[in-house]
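Just below is one structure, and these are the notes that go with it.
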Amino acid sequence: MDVNQVYETYLKDLIDKGAHSRSVRIAMDRAIHSYRTLSANALRRFPKTIEKAKKVREIKEKSIANWEKLVEQARESFERNHAKTYFARTAKEANEIIGKIVGSGKTVVKGKSLTSEETHLRQYLQKLENEVYETDLGEFIIQLLDSRPMHLLAPAVNIPREQVAELLKKYIGEKVDPSNVSEEVAAVRRFLREKFTTADVGISGANVIAAETGTMVIIENEGNIRLATGLPDVHIALVGIEKVVETLEEAMMVAEVTWRYADYEMPGYVNLISGPSLTGDIEKVLTYGAHGPKELHVVFIDNGRSEMANDPSFRQALYCLRCGACLYECPVYAVTAGYYGHQYIGGIGTVWDAFTTAHDLAEVSPHAYTCVLCKRCKTRCPVDIDTADMMVALREKLVNQNLVPPTIQQFFEGMQEHEDE
Amino acid sequence: MKKVLYYGSSNLQYQQMAEVDEGIRELFAKAGVEYVVPPLEKHCVEGLYTFGYKEEARKEAIQFYEMVKDLDVEAVVTPYGASQYMWETTYPDEFGLKLPFPFYNVTQFFHKILMNEDVKFEPLPLKLVLHDGCTVGRKMGIYKEPRELLGKIPGLTLLDLPHPSVGIEGTTAADWSTCPGSWLNITIPELAEEVEMNFVQKDVMPLEADAITTDCANALFGIRMGIMKGNFPLKAYFFTDIINMVWRA
């Protein structure tokens with residue numbers, strides 16, 4: 001892959017769609033102001049969160065060091081709970097496993113999952129002639145736009161309310177007051193209600209998994225996860241191997257720190273799912289498939305994560321809770337939104353992309369040089385991830401493979417000439 | 001301290017901030033501190049290192065080390081936070097090179113000299129925002145020195161860049177200070193001016209100040225670019241410029 005071509009393409013999106021877009025700037029200003037205020041309030045109201053975050057760093061370090069054992073334990077626990085489990089080495093394998101479970105001609109409702117964005121699961125299932133609906137409001141907007149998430153938690157963070165109103169009119173035929181966010185939310189609610197009740201399959205990710213009990217914890221506010229994982233007959237969860245910790249107590253601590261740094265004092269819902277629905281109400285005969293799903297399938301995916309875990313320079317990227325806090329502190333992200341990103345977003349996303357979504361390191365070369373190494377993301381990060389340090393390590397790999405963007409090449413040549421003078 | 005190595009002069013010239021260079025030299029003269037500049041135009045290698053050219057950085061770091069290690073100076077003083085961080089941390093940790101001097105940001109150095117009761121500053125009726133450089137503040141924790149010195153100036157209203165999380169877990173304004181993105185002028189020039197302008201517009205202008213100052217020369221470059229791009233009614237001074245205005249030695 002030609003790095004100069006990658007740079008040109010990236011630059012066009014970054015500047016034209018990101019930095020020069022008035023709507024992106026308006027939306028980012030609103031989101032950043034709101035996030036910083038809310039997260040500060042949440043941390044002041046629950047000051048013990050900061051101590052818990054330090055503990056979570058320890059939990060993540062321990063868990064990543066033992067990920068193989070923990071994934072095996074989690075699979076055994078889920079199977080004991082009558083769930084089926086799978087291990088996918090690649091994105092392709094994960095999609096194929098899920099594709100076989102879903103089949104074709106089905107209606108699928110999805111909860112927000114960056115991991116499924118990583119594998120392009122929605123698009124894969126659509127190719128199998130399924131109707132797939134993103135049900136997180138932000139993801140739904142992204143689906144209408146045929147775009148990709150612009151934030152780890154708030155996928156449509158770059159879309160102001162006025163543009164959302166236009167999208168709803170165009171795609172679902174709902175005319176709403178562009179200044180009234182409540183009307184917009186109500187319109188999407190009306191549209192998706194019917195999809196939830198008729199869906200054959202619900203798909204989710206998970207914020208964290210407890211290996212000991214075989215329990216996934218999913219944080220949400222909208223209630224779409226409860227519906228997507230509760231109403232259809234089949235629930236499929238796609239989870240990265242880095243999500244597994246040992247105990248339920250540890251999992252809850254990870255979850256609490258995640259939502260607190262995601263700026264929630266307390267989220268609307270915290271879902272704990274360990275298996276398909278069951279009842280023992282008739283003669284204590286355990287019967288699977290009560291009111292909720294009859295089947296639970298848990299797909300664990302590696303897709304470059306084990307390589308990250310084995311590399312001391314990048315292992316800490318796997319500690320990421322995906323709270324998205326770092327992005328709201330990034331001076332570049334403030335003007336570009338997720339256009340600073342390949343598939344994942346921002347500095348931490350660039351490291352993730354280098355291992356998971358990039359077929360060739362050249363694909364993330366200009367992104368690696370977009371980070372200004374200011375380390376404010378580290379100040380905010382609950383688990384103290386040093387993205388700037390990883391970025392320097394990634395740049396070293398790019399230099400060694402002769403994959404630096406043209407500006408950096410020019411800088412280097414200029415330095416050499418200066419030395420020769 | 002009688003004699004120091006002043007590092008950063010050629011870089012300031014390169015960044016078209018010659019007056020900052022002159023200001024620093026003027027302050028040395030007022031303080032009666034003799035200074036030398038590096039005998040050759042060798043750089044601190046921060047650019048090479050952080051851009052991923054680790055081996056080239058190592059070679060040049062050795063050259064820099066050889067060039068300055070035997071100089072008859074008591075300390076190294078610089079307006080560039082990143083350079084100081086390189087010598088203090090990266091040189092020993094990555095390259096095994098430990099230079100035999102202490103290193104000071106200009107704020108630290110002049111704080112040592114001027115922070116005593118005998119030194120009086122003239123009044124300066126100015127509403128001034130203090131920007132903490134990323135490396136100076138966040139990475140090296142230099143916080144009190146610029147504030148104490150500027151706090152000595154009669155009539156000066158000193159403002160920090162606001163952030164809702166200042167104070168949480170003992171963090172200071174320096175921990176949350178925004179980077180104006182000066183490095184982008186090299187890596188992605190098309191993006192640099194947007195980030196620089198956004199910083200001035202969103203972080204600084206709401207404070208309705210007369211001027212902004214910073215303790216990192218690289219940040220000053222970005223801030224000035226942002227002011228120029230946005231045509232904002234704001235002056236940008238380097239920290240030593242402010243001290244020069246009020247100290248008549």
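Does residue B:114 satisfy the criteria of being touching a residue at least 40 places away in the same chain (Cβ under 8 Å) and more than 10 Å from chain A (Cβ to nearest Cβ)? Spelling it out, residue B:114 is indeed touching a residue at least 40 places away in the same chain (Cβ under 8 Å) and more than 10 Å from chain A (Cβ to nearest Cβ).
When we screen A:230, A:268 for residues that are more than 21 Å from residue A:72 (Cα to Cα), among the small types (Gly, Ala, Ser) and open to solvent by less than 30 Å² (accessible area, probe 1.4 Å), the only hit is A:230. Pick from segment A:374-388 the residues that are facing chain B (nearest Cβ under 10 Å) and either open to solvent by 20 Å² or more (accessible area, probe 1.4 Å) or part of a helix (DSSP H, G or I) (or both): which of them is nearest to residue B:48 (Cα to Cα)? Top of the filtered list is A:388. For segment B:60-75, residues that are surrounded by fewer than 24 Cβ atoms within 10 Å (Cβ to Cβ) and of a type in the set (Gly, Ala, Ser) total 1. Listed conditions (1) touching a residue at least 24 places away in the same chain (Cβ under 8 Å); (2) within 14 Å of chain A (Cβ to nearest Cβ); (3) open to solvent by less than 10 Å² (accessible area, probe 1.4 Å) are all met by residue B:106, apart from (2).
Among the residues of segment A:310-329, none qualifies, meaning not one is outside any strand (DSSP E or B), touching a strand residue (DSSP E or B) at 6+ places or on another chain (Cβ under 7 Å) and away from chain B (no Cβ under 14 Å).
Is at least one residue of segment B:76-92 open to solvent by 10 Å² or more (accessible area, probe 1.4 Å), within 12 Å of chain A (Cβ to nearest Cβ) and within 14 Å of the chain's Cα centre (by Cα)? The answer is yes, given that some residue of segment B:76-92 is open to solvent by 10 Å² or more (accessible area, probe 1.4 Å), within 12 Å of chain A (Cβ to nearest Cβ) and within 14 Å of the chain's Cα centre (by Cα). When residues in segment B:127-144 are screened for being more than 14 Å from chain A (Cβ to nearest Cβ) and open to solvent by 30 Å² or more (accessible area, probe 1.4 Å), 2 of them pass. Within segment B:188-228, the set of residues being among the hydrophobic types (A, V, I, L, M, F, W, C) and facing chain A (nearest Cβ under 9 Å) comprises B:188, B:191, B:195, B:197, B:199.
Restricting attention to segment B:21-59 and to residues that are open to solvent by less than 20 Å² (accessible area, probe 1.4 Å) and of a type outside the set (A, V, I, L, M, F, W, C), the residue that is nearest to the other protein chains (Cβ to nearest Cβ) turns out to be B:52.
No other residue among A:225, A:219, A:203 is outside any loop (DSSP other than H, G, I, E, B), at pLDDT 95 or above and over 13 Å from residue A:135 (Cβ atoms) apart from A:219. The residues of segment A:29-51 that are more than 9 Å from chain B (Cβ to nearest Cβ) and open to solvent by less than 60 Å² (accessible area, probe 1.4 Å), listed by number, are A:31, A:34, A:35, A:42, A:49. Screening residue A:326 against (1) among the hydrophobic types (A, V, I, L, M, F, W, C); (2) assigned by TED's automatic domain parsing to the domain that holds residue A:136; (3) under 19 Å from residue A:43 (Cβ atoms); (4) at pLDDT 95 or above leaves a single unmet condition, (2). Residues of segment B:192-240 that are aromatic (Phe, Trp, Tyr), in a helix (DSSP H, G or I) and open to solvent by less than 40 Å² (accessible area, probe 1.4 Å): B:199, B:239.
The values are calculated or read from the model by the stated rules, or taken from the named source; none is laboratory data. Source: prediction; values computed, not measured. FYI the Cβ positions are ideal-geometry reconstructions off the backbone, even for glycines, and counts take in every protein chain you see. Protein only, heavy atoms only, side chains kept; ligands, DNA and RNA dropped before computing areas. Shrake-Rupley method; radii C 1.70, N 1.55, O 1.52, S 1.80 Å.
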